[in-house]
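The values are calculated or read from the model by the stated rules, or taken from the named source; none is laboratory data. All values derive from a computational prediction rather than experimental measurement. In this analysis, Cβ positions are derived from the backbone assuming ideal geometry, glycine residues included, and neighbour counts consider all displayed protein chains. In case anyone asks, the SASA skips ligands and DNA or RNA and just uses the protein heavy atoms, side chains included. Shrake-Rupley method; radii C 1.70, N 1.55, O 1.52, S 1.80 Å.
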Amino acid sequence: MGLFTKITAAAIATALTAGVAAAQDPTFFRIGTGSAGGTYFPIGGTIANGISAPPGSRPCDEGGQCGVPGLIAIAQSTTASVFNNTAVQNGELEAGMAAADVTRSMYLGEDKFEGKPHDKLRIVANLFPEDLHLVLPKGTSIESLADLEGKRVGIAQAGSGTQVAVLQMLEKWGITRDNIDEAELNNSQSAERLADGQIDAYFYAAGWPVSAMVQLATTKGMELHSFSDEDLAIINETIPAYIPSTIPAGVYEGVDYDVRTPAVSALLVVSSDLSEELVYGITKALWNDNTRTLLDNGHAKGKQITPDTALDGIAALGVPLHPGAERFYKEAGLLQ
C-alpha cells in the first residue's frame, strides 16, 4: 500500500470533520497563482480541483470528488508571489502559491519588505522547484549577466517573486533599472515580445516545461542561458533560497543542452486566520490518492509534488507551518 493510500486510510475517520460547513453550506477558497503562461496557474488549478468537493457532488467512494466536503476551491490568475502573499496577509485570498525566498522576506519584513512583516503567512507545503529561465533569441548567447547592460530585458511582472530576485541578482553584475531598458511583463507577454524582436532577453522563474516557452521554442526558437558554477555560487550567496539546478536537455525543442540555472522552491501558503480544522482537511485532501492522480496527469511538474518533499527546507525557512498542516503531517508520520 502506497504512502498516499496509507495517509488516506489513516485519516478517513476524520475526513467528515475537516472543519468546513456541511455539504449544504459551501465554503469558497481562493488560491492565487500566476499568469496563464506559467506553471503556478495550471498547478494551482489541479490543487483546487483536488481539494474541492462542492455541495451535491458524489461521494469520493462513489467516483465523485475526494476533497473537503462543501469546499469550492478556485484558482485565480495573478501576478504571482508578492501579490499572492500580500493578498493572503490582507484576507483578499485564502491561499496563494509563492516562491520561498519572497515568502521568507515578506514574513520577516526583511530586504525589500523591511519594516513591513507579513506575519499572517503560514505554509501548507513545499511543492516543486522553480528554475530561473533566462531566455534569449535563437542563435544568441551571453557570457554573464553583465552582458545585459544596455539591452531590452524582461524582468517579469511587478508583484512577482521573479522580479524581486532578478533585480537582486542583476545588481551583483552592476545591472540596474538605470542601465537596461526594462520591461515588466508576464511570461506570455515576454515570449511574444522576444519572438517579435521587441526585447533582447527575459527572465522567468517557473517549473519546466513552461507553456509559453514551449510555444516560443517550437515557433521562433529560443536559447536558454546556462550559468557558470561561479555565477551560481554568487547568486546562492546573494539569495540563499536560490540553489543550483539543471533544466535537462530536450525539455524545450531546439535547446539540446543541459542548462545550469538557479532554482527556488514554490510553496502553498495560507493565512493564520484560517481555522486549524479547515487547513487540516485541505492538507489531507492535497495528499490523497485522488489528488495524486490529478497531479500525475496534469502539468509535468505535478509529478514532483509529493508528501515526501512537502516539508523540504521548511524548518530552515523561518516561516511557520499552519497548525492544521502541522497536525496532518504529524498524524501521517511525516513530522515529529
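Here are a few things to note about the model shown:
- Tally, over region 292-306, of residues that are open to solvent by less than 40 Å² (accessible area, probe 1.4 Å) and over 16 Å from the mean Cα position of the chain (by Cα): 1
- Candidate set from region 22-59 (those that are assigned to a strand (DSSP E or B) and open to solvent by less than 30 Å² (accessible area, probe 1.4 Å)); member that is farthest from residue 75 (Cα to Cα): 29
- Tally of residues being open to solvent by 40 Å² or more (accessible area, probe 1.4 Å) and either hydroxyl-bearing (Ser, Thr, Tyr) or touching a Pro at 6+ places or on another chain (Cβ under 6 Å) (or both) across region 162-187: 1
- Considering 231, 258, 289, the condition of being over 30 Å from residue 138 (Cβ atoms), modelled with pLDDT of 95 or more and open to solvent by 10 Å² or more (accessible area, probe 1.4 Å) is satisfied by 289 alone.
- Residue that is farthest from the chain's Cα centre (by Cα), among those in region 307-336 that are part of a helix (DSSP H, G or I) and of a type in the set (Gly, Ala, Ser): 324
- In region 67-79 there is at least one residue that is farther than 23 Å from residue 287 by Cβ and modelled with pLDDT of 95 or more.
- Tally of residues being among the hydroxyl-bearing types (Ser, Thr, Tyr), touching a helix residue (DSSP H, G or I) at 6+ places or on another chain (Cβ under 8 Å) and in a loop (DSSP other than H, G, I, E, B) across region 217-242: 1
- Picking from residues in region 185-199 that are assigned to a loop (DSSP other than H, G, I, E, B) and polar (S, T, N, Q), the one that is farthest from residue 155 (Cα to Cα) is 198.
- Any hit, region 243-256, residues being part of a helix (DSSP H, G or I) and either among the hydroxyl-bearing types (Ser, Thr, Tyr) or over 21 Å from the mean Cα position of the chain (by Cα) (or both): no
- Residues being in a loop (DSSP other than H, G, I, E, B), on the phi > 0 side of the Ramachandran plot and either within 18 Å of the chain's Cα centre (by Cα) or surrounded by 23 or more Cβ atoms within 10 Å (Cβ to Cβ) (or both) are entirely absent from region 204-216.
- Only a single item in (1) open to solvent by 10 Å² or more (accessible area, probe 1.4 Å); (2) at pLDDT 95 or above is not met by residue 159, and it is number (2).
- Candidate set: region 271-285, residues that are open to solvent by less than 20 Å² (accessible area, probe 1.4 Å) and in contact with a helix residue (DSSP H, G or I) (Cβ under 6 Å, 6 or more places away or on another chain); chosen: the one farthest from residue 75 (Cα to Cα): 280
- As a summary of the residue check, residue 315 satisfies the conditions (1) closer than 28 Å to residue 230 by Cα; (2) crowded, with 20+ Cβ neighbours inside 10 Å except for the one numbered (2).
- Consider region 217-228 and keep the residues that are free of Cβ contacts under 8 Å to residues at least 60 places away in the same chain and touching a Phe, Trp or Tyr at 6+ places or on another chain (Cβ under 8 Å). The one that is surrounded by the most Cβ atoms within 10 Å (Cβ to Cβ) is 217.
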